[in-house]
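See below for the structure under consideration.
The values are calculated or read from the model by the stated rules, or taken from the named source; none is laboratory data. Please read all numbers here as calculations on a predicted model, not as lab measurements. Neighbour counts are summed over all protein chains in view; Cβ atoms, including those assigned to glycine, are modelled from backbone coordinates with ideal geometry.
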Amino acid sequence: MNKVAGVITILMAIIIVSFIGISSTGLFLQQEDDSVKIGVVATLTGIGSYFGEQEIKGLELAQEEINKNGGINGKKIELIIEDSKTSPLDAVNATKKLIYFDQVNFIVGDSWGSTTGAMVPVTNDNQVLLISPSSILDSLSNDDLFFRTVPTTSVMMEELANYAYDKMGSRKVGALISQTAFGEEHINDFKHFFKGEIVAVEMIPLNQLDVRAELMRINELKPDTIFNIVGSGAGIGNPIRTARELGIDYKWIGSFGVQNNGLIEEHGNLVDGIVYPYHYNLSLESTASIQFNKKYEEKYNELSDVTAVNAYDTLMLLAKAIGEVGEDPQAVKEYLLSIENYEGASGNLSFDENGDVKKPIIIKTIKNGEFVLVE
């Protein structure tokens, strides 16, 4: 027993030497190392998995580039990745783990609106800076430690509503809307800006796949356009496919989430003609954009999407800020707010007083199985 007790004592001594103290949360703080830890929360599983995968792809490219060029003041970036599972509860648990156990000062994520909304109070309470590449909810627009590299719902819906009325000739719109904060904000903002009539709004539970009954009810009111905010990734095409099978012909509009490779891979030309707002022009000729697209295609053998490029810009911006002002989240916040016309891979950007990105919005459509600018 004495030998066992001696071994235990030695092991405990080694553990104690490996840490420098106990924080106010009761957790051990590790010694300084040669890395800058950045927490990541992404929807790697669940209905939002497409966006989580894109977030990670963009972050990986940025991490490789930054570390290849010497890191941040000689320190390599270490990404600590957690899966929110497209669940607010899991997103909160992941956030707490990154803050209390991993002791991060910065988190990138999430790639889904409701999960990000659940994370923001936790990061604010703990003075951790959170920056999302794809959460567009208007409700998150506050003067706090939350930033985003994606424009808000209202900004994008103003452009879409005006285009639908002025260019598409839409006058009577029926809407298929997911029962989420994302869906509700989209229809409310669209209603606010649209100069025509909203003839029907059908709210669809998040996991409901069959929308035949809802489409038939809308069809009775004879709309000329359907606003489709249902599903994610390839699932966005399911209502369009159903309408085609029912012999119902509409003009279709949607959110920025329309632009995803899975949609065309699964539905082909069935989704041709849907119109949507976007905030990333793949044809940008800036040096940063050209270099990013080249590296992305070489690594992943596909065209980049907006979540990936936004995630890339997010980490590049964080690295630039930390390199200039250090790892204090408040100092990084002030630095990000002071940025004017940063040349990112997604285009020139800056932030307003609430940490909401300022970027131009473009209108796109699908034509012959390709995502293109409207003519």
Of the residues Ile229, Ile240, Ile236, Ile264, which is of a type outside the set (S, T, N, Q), surrounded by 15 or more Cβ atoms within 10 Å (Cβ to Cβ) and over 21 Å from Glu53 (Cα atoms)? Ile240
Which pairs turn up if I take residues in region 151-179 that are farther than 21 Å from Leu137 by Cα and outside any loop (DSSP other than H, G, I, E, B) and look for partners that are small (Gly, Ala, Ser) and modelled with pLDDT of 95 or more with beta carbon separation below 6 Å, at least 6 apart in sequence or on another chain? Ala164/Ser170; Tyr165/Gly196; Gly174/Ala200
Could you check Gln63 against (1) closer than 30 Å to Ala288 by Cα; (2) at pLDDT below 85 and say which number it fails? (2)
With (1) modelled with pLDDT of 95 or more; (2) in contact with a helix residue (DSSP H, G or I) (Cβ under 8 Å, 6 or more places away or on another chain); (3) within 22 Å of Val309 (Cβ to Cβ) as the list, and Ser49 as the residue in question, which single condition is left unmet? (1)
Yes or no: region 96-105 includes at least one residue that is surrounded by 24 or more Cβ atoms within 10 Å (Cβ to Cβ) and more than 16 Å from Ile80 (Cβ to Cβ). no
For region 124-139, give me the residue count where each residue is surrounded by fewer than 24 Cβ atoms within 10 Å (Cβ to Cβ) and without any contact (Cβ under 8 Å) to a residue 40 or more places away in the chain. 3
Can you name the number of the only condition in (1) surrounded by fewer than 22 Cβ atoms within 10 Å (Cβ to Cβ); (2) at pLDDT below 95 that Asp328 fails? (2)
Picking from Ala181, Ala213, which residue would you name as being surrounded by fewer than 16 Cβ atoms within 10 Å (Cβ to Cβ), small (Gly, Ala, Ser) and more than 13 Å from Tyr250 (Cα to Cα)? Ala213
Find all pairs meeting these conditions: Cβ atoms under 8 angstrom apart; at least six residues apart or on different chains; first residue within region 37-55 and touching a residue at least 12 places away in the same chain (Cβ under 8 Å) and closer than 18 Å to Ser114 by Cβ; second residue among the basic types (Lys, Arg) and crowded, with 20+ Cβ neighbours inside 10 Å. Thr43/Lys85; Leu44/Lys85; Thr45/Lys85; Gly46/Lys85
Any residue in region 62-80 that is in a loop (DSSP other than H, G, I, E, B) and either crowded, with 17+ Cβ neighbours inside 10 Å or within 15 Å of the chain's Cα centre (by Cα) (or both)? yes
When you scan region 233-241, do you find a residue that is over 25 Å from the mean Cα position of the chain (by Cα) and farther than 14 Å from Leu160 by Cα, even just one? yes
Got a number for residues in region 335-360 being touching a residue at least 12 places away in the same chain (Cβ under 8 Å) and at positive phi? 2
Kindly list the number of the only condition in (1) in the same structural domain as Lys167 (by TED's automatic domain parsing); (2) of a type outside the set (S, T, N, Q); (3) in contact with a helix residue (DSSP H, G or I) (Cβ under 6 Å, 6 or more places away or on another chain); (4) outside any helix (DSSP H, G or I) that fails for Leu263. (4)
When Leu89 is run through (1) in a helix (DSSP H, G or I); (2) crowded, with 20+ Cβ neighbours inside 10 Å, the failure sits at (2)
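Matching residues to (1) of a type in the set (Gly, Ala, Ser); (2) in a helix (DSSP H, G or I); (3) touching a residue at least 60 places away in the same chain (Cβ under 8 Å):
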| site | (1), (2), (3) |
| --- | --- |
| Asn281 | no, no, yes |
| Ile290 | no, yes, no |
| Tyr296 | no, yes, yes |
| Glu302 | no, no, no |
| Ala308 | yes, yes, yes |
| Tyr312 | no, yes, yes |
| Leu315 | no, yes, yes |
| Leu318 | no, yes, yes |
